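Asks: Below are the structure tokens for one structure; questions will follow.
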Amino acid sequence: MKTDYRKSGYHVLLLLLLISGLLLAIPVRADADRGNITINLNDIGTDRASVGFRLYQVADTADGYEWYWRLTGVFADAPVDLNALDKADDYRKAAETLASWKGKESAVSETGKTDKDGKLTFTGLPIGIYLIEQTDKASYGTVLPFLAAIPSCEKEGALQYEVTAYVKGDSTPGVSVSPEPNVTETPGDSGSDNSSKDGSKAPSVKDTGGIKKKSAKTGDSSHIEYYAAATVLAAALILLLLYQKHRRK
């Protein structure tokens, strides 16, 4: 019984192409090390809608290390050590220094305005510490610049990439009130340390037990699907060439 190499060869080729197509169709997940910062204006009896804010990334993690913050861009030379901040007042002073830093206007930033409920979310932000300042108080009141971090660190040590800053302004002309707290997920006592009621704050060298080498990122997407598809396609092409060579003999 003769084997029909032509039919079997095409069947194998079609199967390989189908497999490679399915692999290419597998969605690659977005970078897991990104998060969102939501500003939530407290109700002080004024209109919380259309309050403008601007966000700058002022720090990221040092190359090869976890939770050791490094000022970046135009903020690199600012006299602020984000790894030494502890009390709420430390964060307030750091935010004020960075907000008045020379060249800040040329830094990359994002802007937005709150909705009718006083909420504004900046999405898809990489790990880092962010300076947020008010650009338009509308009818709400005045808010001092503040810092927020992705991720925040809860008391139990869990990292949160969905960060909410509960911000309180002041409607009295000429009076500014800093957010409570500065780098946190939930409101806290601005007269104590920088922890919120549940203890959340920006991860730091102190929190994580010293400077540590970055470990493998468990949530990162790899491109293994594309490498596999490329391998299958290459195998299909080789098979096709071998089949054509066999036919010529």
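Asks: Scanning region 143-175 for residues that are under 20 Å from the mean Cα position of the chain (by Cα) and among the charged types (D, E, K, R), which turns out modelled with the lowest pLDDT?
Replies: Top of the filtered list is E154.
Asks: Please find, among S204, S139, S178, the residue that is modelled with pLDDT of 50 or more, under 24 Å from L71 (Cα atoms) and either hydroxyl-bearing (S, T, Y) or surrounded by 13 or more Cβ atoms within 10 Å (Cβ to Cβ) (or both). Steps first, answer last, please.
Replies: Values: S139 fails: under 24 Å from L71 (Cα atoms); S178 fails: modelled with pLDDT of 50 or more.
Selected residue: S204, the only one of S204, S139, S178 that is modelled with pLDDT of 50 or more, under 24 Å from L71 (Cα atoms) and either hydroxyl-bearing (S, T, Y) or surrounded by 13 or more Cβ atoms within 10 Å (Cβ to Cβ) (or both).
Okay, residues lined up against (1) charged (D, E, K, R); (2) in a strand (DSSP E or B):
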{"position": "T97", "(1), (2)": "no, no"}
{"position": "E110", "(1), (2)": "yes, yes"}
{"position": "D117", "(1), (2)": "yes, no"}
{"position": "L120", "(1), (2)": "no, yes"}
{"position": "T123", "(1), (2)": "no, yes"}
{"position": "I129", "(1), (2)": "no, yes"}
{"position": "E133", "(1), (2)": "yes, yes"}
{"position": "A149", "(1), (2)": "no, yes"}
{"position": "T164", "(1), (2)": "no, yes"}
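Asks: Using the structure shown, decide if Y56 is at pLDDT below 95 and closer than 27 Å to S139 by Cα. Don't jump to the end; show me each part of the working.
Replies: On the way: at pLDDT below 95: no; closer than 27 Å to S139 by Cα: yes.
No.
The values are calculated or read from the model by the stated rules, or taken from the named source; none is laboratory data. Quick caveat: nothing in here was measured; it's all calculated off a predicted structure. Counting neighbours? That spans all protein chains shown, and the Cβs are built from the backbone with ideal geometry, glycine included.
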